[in-house]
Protein chains: 2
Amino acid sequence: MLGRMTTKDARAAGLARLASLAADETRAACLLALLDGRAWTAGELARHCRVAASTLSEHLGKLVAGGLLAEERQGRHRYVRLADARVAQLVEDLAAQVAPGAAERPRTLRQSGAGSAMARGRTCYDHLAGRLGIAVTDALTARGLLRQDTGFALTDAGLRWFGAAGIALDRPGRRPLARACLDWTERRPHLAGVAGAALCRHALDAGWCVRIGSERAVKVTEAGERALSELLGVEAAALR
Amino acid sequence: MLGRMTTKDARAAGLARLASLAADETRAACLLALLDGRAWTAGELARHCRVAASTLSEHLGKLVAGGLLAEERQGRHRYVRLADARVAQLVEDLAAQVAPGAAERPRTLRQSGAGSAMARGRTCYDHLAGRLGIAVTDALTARGLLRQDTGFALTDAGLRWFGAAGIALDRPGRRPLARACLDWTERRPHLAGVAGAALCRHALDAGWCVRIGSERAVKVTEAGERALSELLGVEAAALR
DNA sequence: CGCACGCTTCGGCCCTCACCGAAGCGTCCG
DNA sequence: CGGACGCTTCGGTGAGGGCCGAAGCGTGCG
């Protein structure tokens, strides 16, 4: 491997370097944990992964150097989060690829309890997932606001719906307005991209749903059930 | 890491195992080479990667066992190809993530020659890429056949266009009809998914373009220029 | 039939890297 | 100001894995 570098070699080396960041179980656990879109401290991640703080510190160094994580120092804390939506999508895609067959197996009661809260509704980086995310996506599709049969895009009626609901769709950079994200509990695509993020933010801001516990799970409020029913015709039963 | 397995640990372990398949430079080079969508023999890949046949044999074993590659034995040859479109998309996504900034650098004349043929037109697994792929995608968009502003989906007019052109859009399984694939030379999305694959196959079958050399590059024929101009209004200048 | 060829298996080498505990550094609080 | 706390650096250890050449096995050609 000592020959002069060709373009092809450089691409392969870059790909290998990127993949190696996720090729360690502890770093993979960090990436999955950070998929909730929030910033974690190094200590929280160390406890979550059950490794020494020193070990995790080295992992964070690599993930930050590799561009997958962004860090923010506050006092004696080191907060890290996924660098951007691109990275989040990549981790999601990788996790979705591995999921087939691995996710469903008997769990203990306590875990299945937490699991079912996650399955009901959760955030996936910056948008809604779980049965909640699917229900919203399906409702948008059924009402002709989102088109899934020929790809994945909002319709003109969909654009108007977001406007009427008072949900602004700012477009920063080249991020797509609507994108499909494979839901790993439901095994079906839910709405991601700018529209998914705006909808999730609005749902949290307007009190349609609230975060429960310190994890990614969210719970739909009564006001949220009313709003989703009125605006999208979502059945309350689809959220349980 | 000896505690009882939780669901979370299993997900992280699976993600790490998947990523580790691409975390080696030789295996990464194999995956990138196989992105042309064709089947390579083990020996071809070994020469391509400049490693001993025995080394490459072990790599292929891991990639096949990991589900990334499908193999087919014919006589004393072992042909391998990417397992399916999902895997191809994953490799593309990973490669696109690493590309920013790494792809453009001065090359030798010979390499830049090969590079410019690749940049003009090539296959990306099973669809068209390079300036050719972008030109087609842009033409579809300009004619209102493909919608990119609110996501990525064919329009009803687009569905009719495929029908009128005699290009069948069979939908095997859950693969999306239209999907955006980031072009690593043009840095913009081109058409992938069922429609992209059907269009590419039709272009090759109808002689709109032909493969040149033994690599991924393709060349638009005169008949292809006429057809693309008539059917989509693609300017010949956009293909050079 | 026998040799050439493509691929695989095996043994051994060496490098990489995840892990830990101890020690050090900076921040925050009492 | 001193101690608790969060994080980082460092040295050492051990496991894993990529690499090769040699040898083995099966296929296909002359």
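Annotations
- Of all residues in region A:25-45, those that are of a type in the set (S, T, N, Q) and either within 17 Å of A:ALA88 (Cα to Cα) or away from DNA strand D (no atom under 11 Å from the Cβ) (or both) total 1.
- Hey, B:GLY3 in a loop (DSSP other than H, G, I, E, B) and either under 17 Å from the mean Cα position of the chain (by Cα) or modelled with pLDDT of 95 or more (or both) or not: no
- All told, B:GLY193 falls short of being farther than 27 Å from B:LEU94 by Cα and in the same structural domain as B:LEU94 (by TED's automatic domain parsing).
- Inspection of region B:193-203 identifies at least one residue that is under 22 Å from A:CYS181 (Cβ atoms), within 14 Å of chain A (Cβ to nearest Cβ) and not small (Gly, Ala, Ser).
- Residue in region A:35-52 that is surrounded by fewer than 16 Cβ atoms within 10 Å (Cβ to Cβ), modelled with pLDDT under 95 and of a type in the set (Lys, Arg) present: no
- Residues located in region B:10-25, provided they are touching a helix residue (DSSP H, G or I) at 6+ places or on another chain (Cβ under 7 Å) and facing chain A (nearest Cβ under 7 Å): B:ARG11, B:ALA12, B:ALA13, B:GLY14, B:LEU15, B:ALA16, B:LEU18, B:ALA19, B:ALA22, B:ALA23, B:ASP24, B:GLU25
- So A:LEU239, is it over 26 Å from A:ARG38 (Cβ atoms) and either surrounded by 18 or more Cβ atoms within 10 Å (Cβ to Cβ) or in the same structural domain as A:TRP40 (by TED's automatic domain parsing) (or both): no
- Of all the criteria given as (1) without any contact (Cβ under 8 Å) to a residue 24 or more places away in the chain; (2) touching a Phe, Trp or Tyr at 6+ places or on another chain (Cβ under 8 Å); (3) closer than 28 Å to B:TRP40 by Cβ, the one not satisfied by B:ALA198 is (1).
- In the set (1) on the phi < 0 side of the Ramachandran plot; (2) touching a helix residue (DSSP H, G or I) at 6+ places or on another chain (Cβ under 6 Å), A:ASP205 fails one condition alone, (2).
- Test: residue in region B:82-94 that is in the same structural domain as B:ARG211 (by TED's automatic domain parsing) and within 30 Å of A:ARG47 (Cα to Cα): yes
- If you filter region B:140-162 down to residues that are open to solvent by less than 10 Å² (accessible area, probe 1.4 Å) and among the hydrophobic types (A, V, I, L, M, F, W, C), you find that the one that is farthest from A:ARG171 (Cα to Cα) is B:PHE162.
- Test for A:THR141: is it more than 14 Å from B:PHE152 (Cα to Cα), β-branched (Val, Ile, Thr), within 18 Å of the chain's Cα centre (by Cα) and within 14 Å of chain B (Cβ to nearest Cβ): no
- Considering the conditions (1) within 27 Å of B:ARG179 (Cβ to Cβ); (2) open to solvent by less than 50 Å² (accessible area, probe 1.4 Å); (3) over 15 Å from the mean Cα position of the chain (by Cα), A:ARG174 is excluded by exactly one of them, (2).
- For region B:70-88, the condition holds for no residue, the condition being that it is under 18 Å from A:ASP9 (Cα atoms) and either in a loop (DSSP other than H, G, I, E, B) or at pLDDT 95 or above (or both).
So that you can scan it fast, the table gives a plain yes or no per residue for (1) of a type in the set (Gly, Ala, Ser); (2) within 11 Å of another protein chain (Cβ to nearest Cβ):
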position: A:ARG27; (1), (2): no, yes
position: A:GLY37; (1), (2): yes, no
position: A:LEU45; (1), (2): no, no
position: A:HIS48; (1), (2): no, yes
position: A:ALA52; (1), (2): yes, no
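- Close Cβ contacts (under 6 Å, 6 or more residues apart or on different chains) running from residues in region B:70-91 that are away from chain A (no Cβ under 14 Å) to residues that are open to solvent by less than 30 Å² (accessible area, probe 1.4 Å) and of a type in the set (S, T, N, Q) comprise B:HIS77/B:THR41; B:TYR79/B:THR41.
- Considered as a group, the residues in region A:10-23 that are away from DNA strand C (no atom under 13 Å from the Cβ) and either crowded, with 18+ Cβ neighbours inside 10 Å or not in a helix (DSSP H, G or I) (or both) include one that is modelled with the lowest pLDDT, and that residue is A:ARG11.
- In region A:44-69, residue farthest from DNA strand C (Cβ to nearest atom) [restricted to those that are among the small types (Gly, Ala, Ser) and in contact (Cβ under 8 Å) with a residue 12 or more places away in the chain]: A:GLY67
The values are calculated or read from the model by the stated rules, or taken from the named source; none is laboratory data. Please read all numbers here as calculations on a predicted model, not as lab measurements. Don't worry about glycine lacking a Cβ; one is built from the backbone with ideal geometry, like all the others, and counts go over all protein chains shown. Calculation scope for accessible area: heavy atoms of the full protein, side chains included, ligands and nucleic acids excluded. Shrake-Rupley method; radii C 1.70, N 1.55, O 1.52, S 1.80 Å.
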